[in-house]
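Asker: The structure is given below, and queries will be raised subsequently.
The values are calculated or read from the model by the stated rules, or taken from the named source; none is laboratory data. Only a predicted model underlies this, so the values are computations on that prediction, with no experimental measurement involved. Neighbour counts run over all protein chains shown; Cβ positions are idealised from the backbone, glycine included.
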Amino acid sequence: MNSMYKINEQLTFDKINNEDVNDAKTLLKENNLCYTDIPKENLDIFKVLDSNVIVGYLGLEHYGSDAVLRSVVIKDNFRGKNFGRKITLLGIDAARNRGIKSLYLLTITAKNFFFKFGFKVMVRKDVPEAIGKSEEFLNFCPDTATCMMLSL
């Protein structure tokens with residue numbers, strides 16, 4: 001399956017390659033987001049490029065028909081330009097195109113941002129077992145993080 005999405009002449013969305021891994025990990029670390037398990041077999045990290053310049057990343061960790069949306073991050077000099085919204089919509093689209101039926105996430109600061117996409121707050125212990133056993137849920141995000149779910 002082709003992972004490249006062309007939004008317009010300037011904006012594209014594609015899986016990272018080996019050359020992008022260090023940049024992605026550095027940006028995630030700088031923003032206190034999960035990065036230590038990259039790369040990983042069931043984790044797709046996507047990059048958004050504007051005129052061939054990387055503006056941000058997003059992760060989809062898949063478990064059958066469920067997935068964790070993780071690590072939506074935009075580089076500082078591109079913030080406030082609607083890229084967060086665009087990359088999140090593209091991530092939701094990528095999940096849908098891969099047959100994902102339910103998308104889960106944990107957030108400490110962005111609950112209101114994710115409400116705009118239809119995510120609903122849920123009880124963390126009620127997520128499917130595989131999601132609950134993911135590194136994101138077990139080790140990366142504190143118990144105080146808000147758990148959210150979107151049905152696709």
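Asker: Restricted to the range 36-51, and to residues that are within 19 Å of residue 79 (Cβ to Cβ) and over 12 Å from the mean Cα position of the chain (by Cα), which residue is surrounded by the fewest Cβ atoms within 10 Å (Cβ to Cβ)?
Answerer: The qualifying residue surrounded by the fewest Cβ atoms within 10 Å (Cβ to Cβ) is 51.
Asker: Please go through the range 67-89 and give me each residue that is part of a strand (DSSP E or B) and among the aliphatic types (A, V, I, L, M), ordered by number. Lay out the reasoning, then the answer.
Answerer: Of the range 67-89, the ones part of a strand (DSSP E or B) are 67-74.
Selection gives 67, 68, 69, 72, 73, 74.
Asker: Okay, moving on. Do you know which residues across the range 95-120 are hydrophobic (A, V, I, L, M, F, W, C), loosely packed, with under 13 Cβ neighbours inside 10 Å and modelled with pLDDT of 95 or more?
Answerer: Step one: list which residues in the range 95-120 are hydrophobic (A, V, I, L, M, F, W, C), which gives 95, 100, 103, 105-106, 108, 110, 113-115, 117, 119.
In the following step, the residues that additionally are loosely packed, with under 13 Cβ neighbours inside 10 Å were identified as 108, 115.
Passing the criteria: only 115.
Asker: List pairs: first residue in the range 83-109 and of a type in the set (Ser, Thr, Tyr), second residue in a helix (DSSP H, G or I) anywhere in the structure, Cβ distance under 6 angstrom, at least six positions apart or on different chains.
Answerer: 104/131
Asker: Go through (1) modelled with pLDDT of 90 or more; (2) out of contact with any Cys (no Cβ under 8 Å at 6 or more places or on another chain); (3) buried (at least 17 other Cβ atoms within 10 Å of the Cβ) one by one and return the number of the condition residue 90 breaks.
Answerer: (1)
Asker: What's the number of the condition residue 58 fails, among (1) free of Cβ contacts under 8 Å to residues at least 40 places away in the same chain; (2) part of a helix (DSSP H, G or I); (3) crowded, with 20+ Cβ neighbours inside 10 Å; (4) not basic (Lys, Arg)?
Answerer: All conditions pass for residue 58, except number (2).
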